[in-house]
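*Asks:* I have a structure here, written as structure tokens, and I will follow up with some questions on it.
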Amino acid sequence: MNYTDSLKDIRPEPDAIIVGAGFGGLYALHRLKQIGLSVEGFEAGAGVGGTWYWNRYPGARCDIESMQYSYSFSDKLQQEWKWQEKYAPQAEILRYIEHVAERFDLLKLIQFNTRIVSASFDDNLERWIVTTDRGESKSARYLILATGPLSTANTPAIRGLDRFSGRIFHTGAWPHEPVDFIGRSVGVIGTGSSGIQIIPELAQVAKDLIVFQRTPNFSIPSRNGPLTPARERMFKERYKVFREEIKRLPSGIFFETTGKSTEEVSPEERQSGFEEAWAKGGVGFVRTFTDIILNPEANTSASDFIRAKIAEIVENPTVASALQPKTYPLGAKRICVDTGYYETFNKSNVSLIDVSKTPITHITSKAVSTVDADYPLDDIVFATGFDALTGAILAIDIKGSAGRSLKDKWKEGPSTYLGLMAAGFPNMFMVAGPGSPSILGNVVVSIEQHVDWISACLEYMHNHDVDVIDAKPDAEAQWDAHVNEVAQSSLFQQADSWYLGSNIPGKPRKFLAYAGGYGVYRDKCAEIASSGYEGFIFRKSPVLAASN
Ligand code: N01
């Protein structure tokens, strides 16, 4: 029996509570267990997987290559796991996450079907006390929120929705049993990444598919297919080096690019560069030239190229025009990746309703109604996204030191120090939370960096004989200002999106993540750790010391 086991046996309250059993929560359980802490996980779902547990709608898959969108912490794992497709579908990613949980013996540490509803820091005990929706409570020295940046599904409050007599689905909370759409009239509301993935699938089986689009998105064909042995070898032969390299990249994703700016090439080379990237497929299109996201002219030429492709693919010019994004630059909203999305609108059973021109007014028992028509439906699929980054955290009633509520602290939008901690909430850490790069690129890279930083910090505390860490308010204010400043100079300000919280009525408009790049952020976190955790306050707790 090792130290961790013996501790657990004599003290049923764990050292750390980890909320969520997706990529973040599982890695946190593994790392903290590895450094000798007793850990306990809570998960609202009946299984592991987080996003990949809930988003099981037809067509759901990752738009980052699986060889990159996977854990790097175990070389044996990354060498042994065999991805089947270039972009893995949801079921394959879920199998992978389940494998990880079994392989590292994490399942027994997690209480499933249990939602954490509140968490308060007890100033006398200097411990976090969490309560669950089963009426249980548990305390721990550390609270780790691995609740996921895109895990709180958003269903718009459309008048009459409760009167609809057909079936209602949300892509972000899809049923576990297969859903049959054969021969049915189906409406999809929303054309973000989820809508763009599900629409081609539904079009194959539905009698009629009505797509309600408010804002068109830029989408690049994925050109998905089986993972070729050559590509698998390319990664696996130098996986360790490669993973180190991607950690330094702005988005944590490796792209094959020309390495040139649009200004360095002739108009013909520019066009052929775009054609090549379009033929190759994937979100890497935006990196075809180095200046697409920096130079408005380069951006316009890339956007024009995609708009021309849409016009080429979609036979009806009015529909093609409605599908072309025209009001924001490429990259201001998350770029989508699809399999036959634009082609779907050539099918005779598919209609596009531009609800920016004819808004949805209400829903009746049988139809979605816009200002000028009623669309009778058997099923409504909401592909309307998430209350991003803060939704799942604020769904928990969190009270920090002196009973201060996190909801109050964040009423003008979230503020954190490095996206890792919020001042006044001692010993509470967030994984891929607001104010960190989080979901702006390869979130698995982000998660591993956060969890490694947190575990190193906890080891530092142990070695320096301190029990409590908190962020300093001024350090938090400076980081928050920096996050905002970087966001102001980015493309992200030029479109309404979940990045800014503008998809949720009443949510303060504030850029939610750190847009300075994964590599830069990683260096900043490392520098702060090696400076002795500048901007954090540590203290020894007589109460906790007594319980050691
Ligand atoms: O959500 P979204 P999502 N009436 O917020 C529309 C990740 N992801 O689930 O743009 C009518 O992007 C809304 O319209 P508008 C990825 O990071 C990854 O698709 O607000 N329409 C929009 O069209 C992604 O960015 C993958 O005008 C309404 C749509 O609903 C993030 O998740 C796959 C409306 C919501 O789009 C979120 O994507 C899927 C209303 N009242 C998701 N309210 C991968 O491939 C909202 N809309 C890895």
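The values are calculated or read from the model by the stated rules, or taken from the named source; none is laboratory data. These numbers were taken from a predicted model, which means no experiment stands behind them. Methodologically, a virtual Cβ is constructed for each residue, glycine included, from the backbone with ideal geometry; neighbour enumeration extends over all protein chains shown. SASA here: full protein model, heavy atoms, side chains in, ligands and nucleic acids out. Shrake-Rupley method; radii C 1.70, N 1.55, O 1.52, S 1.80 Å.
*Asks:* Is it the case, given these coordinates, that A28 is at pLDDT 95 or above, of a type outside the set (D, E, K, R), closer than 26 Å to E245 by Cα and in a helix (DSSP H, G or I)?
*Replies:* Judged against the criteria, A28 is a match.
*Asks:* Right, something else. Being within 15 Å of the chain's Cα centre (by Cα) and of a type in the set (A, V, I, L, M) narrows it down to one residue among L512, L491; which is it? I'd like the intermediate steps shown before the answer.
*Replies:* On the way: L491 fails: within 15 Å of the chain's Cα centre (by Cα).
Within the list L512, L491, the selection yields L512.
*Asks:* Then there's this: Mind checking which pairs have a first residue in region 439-454 that is open to solvent by less than 10 Å² (accessible area, probe 1.4 Å) and of a type outside the set (F, W, Y) and a second that is within 11 Å of the ligand (Cβ to nearest atom) and assigned to a helix (DSSP H, G or I), Cβ under 6 Å, 6 or more apart or different chains?
*Replies:* Hits for this filter: S446/S438.
*Asks:* Report, by residue number, each residue of region 352-362 that is within 11 Å of the ligand (Cβ to nearest atom) and either acidic (D, E) or within 16 Å of V186 (Cα to Cα) (or both).
*Replies:* Those that are within 11 Å of the ligand (Cβ to nearest atom) and either acidic (D, E) or within 16 Å of V186 (Cα to Cα) (or both): I353, D354, I360.
*Asks:* Name the pairs whose Cβ atoms lie under 6 Å apart, with the first residue in region 263-287 and within 30 Å of C62 (Cβ to Cβ), the second at pLDDT 95 or above and of a type in the set (K, R), and 6 or more positions between them or separate chains?
*Replies:* G281/R223
*Asks:* Could you check region 212-240 and list, in sequence order, the residues that are more than 29 Å from V350 (Cα to Cα) and assigned to a loop (DSSP other than H, G, I, E, B)?
*Replies:* L227, T228, E237, R238
*Asks:* Of everything in region 241-281, what is assigned to a loop (DSSP other than H, G, I, E, B) and either among the aliphatic types (A, V, I, L, M) or at positive phi (or both)? Give them in sequence order.
*Replies:* Those that are assigned to a loop (DSSP other than H, G, I, E, B) and either among the aliphatic types (A, V, I, L, M) or at positive phi (or both): L249, G252, I253, G259, V265, G281.
*Asks:* If you take the residues of region 121-161 that are free of Cβ contacts under 8 Å to residues at least 12 places away in the same chain and not hydroxyl-bearing (S, T, Y), which of them is most open to solvent (accessible area, probe 1.4 Å)? Walk me through it before giving the result.
*Replies:* Just the residues of region 121-161 that are free of Cβ contacts under 8 Å to residues at least 12 places away in the same chain, to begin with: 129, 135, 137.
Filter once more, so that each one left must be not hydroxyl-bearing (S, T, Y): 129, 135.
Details: I129: 52, G135: 72 Å².
Here the residue is G135.
*Asks:* Quick check: is even one residue across region 179-190 within 13 Å of the ligand (Cβ to nearest atom) and open to solvent by less than 10 Å² (accessible area, probe 1.4 Å)?
*Replies:* Looking for residues that are within 13 Å of the ligand (Cβ to nearest atom) and open to solvent by less than 10 Å² (accessible area, probe 1.4 Å), one finds at least one in region 179-190, hence yes.
*Asks:* Restricting attention to region 90-120, and to residues there that are of a type in the set (A, V, I, L, M, F, W, C) and part of a helix (DSSP H, G or I), which single residue is most open to solvent (accessible area, probe 1.4 Å)?
*Replies:* Filtering first and then ranking leaves L107.
*Asks:* Restricting to region 57-77, count the residues that are surrounded by fewer than 20 Cβ atoms within 10 Å (Cβ to Cβ) and either closer than 21 Å to Y341 by Cα or not polar (S, T, N, Q) (or both).
*Replies:* 4
*Asks:* Could you check, for region 430-438, whether at least one of its residues is small (G, A, S) and either over 30 Å from F255 (Cβ atoms) or more than 16 Å from the ligand (Cβ to nearest atom) (or both)?
*Replies:* Yes.
Here's the yes/no breakdown for (1) of a type in the set (S, T, N, Q); (2) within 16 Å of the ligand (Cβ to nearest atom):
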{"residue": "F235", "(1), (2)": "no, no"}
{"residue": "S251", "(1), (2)": "yes, yes"}
{"residue": "P267", "(1), (2)": "no, no"}
{"residue": "G282", "(1), (2)": "no, yes"}
{"residue": "E312", "(1), (2)": "no, no"}
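*Asks:* Here is a follow-up. Quick check on my filter: what residues within region 324-374 are charged (D, E, K, R), farther than 20 Å from W278 by Cα and surrounded by fewer than 19 Cβ atoms within 10 Å (Cβ to Cβ)?
*Replies:* Within region 324-374, K347, K357, K366, D372, D374 meet the criteria.
*Asks:* A further question follows. Answer yes or no as to whether G225 is within 24 Å of the chain's Cα centre (by Cα) and either aliphatic (A, V, I, L, M) or open to solvent by 10 Å² or more (accessible area, probe 1.4 Å) (or both).
*Replies:* So G225 fits the description; yes.
*Asks:* Kindly establish whether A322 is touching an Asp or Glu at 6+ places or on another chain (Cβ under 7 Å) and free of Cβ contacts under 8 Å to residues at least 12 places away in the same chain.
*Replies:* The answer is no for A322.
*Asks:* Going through region 291-323 one residue at a time, which ones are open to solvent by 20 Å² or more (accessible area, probe 1.4 Å) and outside any helix (DSSP H, G or I)?
*Replies:* Selection gives I293, L294, N295, E315, N316.
*Asks:* Could you check how many residues of region 462-485 are part of a helix (DSSP H, G or I), among the aliphatic types (A, V, I, L, M), in contact (Cβ under 8 Å) with a residue 24 or more places away in the chain and surrounded by fewer than 18 Cβ atoms within 10 Å (Cβ to Cβ)?
*Replies:* Looking only at that region, the number is 1.
*Asks:* Filter region 242-284 down to residues that are within 22 Å of C336 (Cα to Cα) and loosely packed, with under 15 Cβ neighbours inside 10 Å and give me whichever is modelled with the lowest pLDDT.
*Replies:* The extreme case among them is E256.
*Asks:* If you scan region 486-507, which residues turn out to be part of a helix (DSSP H, G or I), within 9 Å of the ligand (Cβ to nearest atom) and open to solvent by 30 Å² or more (accessible area, probe 1.4 Å)?
*Replies:* Of everything in region 486-507, just one residue is part of a helix (DSSP H, G or I), within 9 Å of the ligand (Cβ to nearest atom) and open to solvent by 30 Å² or more (accessible area, probe 1.4 Å), namely W498.
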